[in-house]
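K.L.:
Take this structure, written in structure tokens, and hold onto it; I'll ask about it next.
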Amino acid sequence: MHTKEEKLAAFGRLLDVLDNLREKCPWDRKQTNMSLRPHTIEEAYELCDALIKDDKKEICKELGDVMEHVLFYSIIGSEKGDFDIADVCNAEAEKLIFRHPHIYGEQHADTSDDVSALWEKVKQKEKDGNKSVLSGVPESLPSLIKAYRIQDKARNVGFDWDERTQVWDKVYEEIGELKAELEKGDKERSLKELGDFIFSVVNAARLYHLNPDTALELTNRKFTNRFNFIERKAKEQGKDMSDMTLSEMDELWELAKAEQHDA
């Protein structure tokens, strides 16, 4: 691992490279906050892909891409006279110090739950801070992640079940209500009940310390791998999947499960 001096030198080198590109490269010169925004979102998702795969080399690479964007926005901010990378780093350091009074102050927090609860209380006291407990949840978050964050923030102020096992009554209640509306054929109410059911499942995942977004993505990948296996095997057998029976595809599905060693 590198020394602190080497890390600072590497950070400075990257900043110098980006300053140089901003000055001399036609593509980099024309970029704005809005033109970079979609690329930033893409880079964040590519980092998430690498993290899911636990690919150390890719994680390192994608972290660099995300960092490049952070620095690029800072360069643009500096050009406008709004802020530079030093302001970004100092503001974040000050925020972290303020939000960790159990480390930098006289508060006490012995567990991660204590820290989370303290974090929410401190954020409410911040100048220009959130006006309500849930106002800090970004509107643009994907719905599954947003549900988890909403529930987690509510928990931090005590709005939660006394025992996590109590959540299952709610899950069963919601799936019963969904089934009833589906049987009635009421599409609008069924959609709302489906949302309530998913929300309750996310709540259960949170209470058992499982991230529902990560869990669903793992299942997406597992399904994709198995389905690709069926396609590949069908092709090897000279068959078209659309002409295969469900029983034939199920047989290949079970074979995929066995070969890929997953549940």
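The values are calculated or read from the model by the stated rules, or taken from the named source; none is laboratory data. Predicted model, so just to flag it, every value in this text is computed and none were measured. A quick note on method: Cβ atoms are made from the backbone with ideal geometry, for glycine too, and the neighbour counts reach across all protein chains shown. Just the protein is used for accessible areas: all its heavy atoms, side chains included, with ligands, DNA and RNA removed. Shrake-Rupley method; radii C 1.70, N 1.55, O 1.52, S 1.80 Å.
K.L.:
Just to check I understand the Karplus step: with θ = phi - 60° and J = 6.51 cos²θ - 1.76 cosθ + 1.60, what whole-Hz values come out for region 168-181, glycine and proline as x?
P.N.:
For region 168-181, the Karplus curve yields 5, 4, 5, 4, 5, 4, 5, 5, x, 5, 5, 4, 5, 5 Hz.
K.L.:
Let me ask something else about it. Between Q166, Q237, Q107, where does the largest GNM mean-square fluctuation fall for the chain, given springs only between Cα atoms within less than 10 Å?
P.N.:
Q237
K.L.:
So which aspartates and glutamates can K179 reach, going by Cα to Cα under 19 Å and dropping same-chain residues fewer than 8 places off?
P.N.:
Answer for K179, where 19 Å is the Cα cut-off: D169, E188, E193, D196, listed by chain and number.
K.L.:
Working with all protein chains in place, sort W161, W27 by solvent-accessible area computed with a 1.4 Å probe, largest first.
P.N.:
W27, W161
K.L.:
Still on this structure: Would you mind calculating the relative contact order of the chain from Cα pairs under 8 angstrom and at least 6 residues apart, reporting the percent as a whole number?
P.N.:
9
K.L.:
Sticking with this one: Who wins for biggest fluctuation among R13, R37, R99 in a Gaussian network model of the chain, springs between alpha carbons below 10 Å?
P.N.:
R13
K.L.:
When N counts the residues of the chain, how does its alpha-carbon radius of gyration compare numerically with 2.2 N^0.38 Å, as a ratio?
P.N.:
After normalising by residue count via 2.2 N^0.38 Å, the value is 1.34.
K.L.:
Search the structure for amide H atoms under 5 Å from the amide H of V137, placed 1.01 Å from N in the peptide plane, and list their residues when 5 or more places away or on another chain.
P.N.:
Excluding prolines and chain starts, which carry no amide H, there are no hits.
K.L.:
Can you tell which of E181, E120, E236 shows the greatest fluctuation in a Gaussian network model of the chain with Cα springs below 10 Å?
P.N.:
Maximum among the listed residues: E236.
K.L.:
Please work out the FRET efficiency for the pair L14 and I97, using the Cβ-Cβ distance as r and a Förster radius of 25 Å; give the result to the nearest 0.05.
P.N.:
It comes to 0.50.
K.L.:
Let me ask something else about it. Taking the alpha-carbon centroid of each part, what is the distance from region 50-90 to region 108-123 in angstrom?
P.N.:
28
K.L.:
Would you mind checking K125/K153; K7/K53; K80/K146; K24/K80; K4/K61 for any pair whose Cα atoms are more than 22 angstrom apart?
P.N.:
With Cα atoms farther than 22 Å apart: K7/K53; K80/K146.
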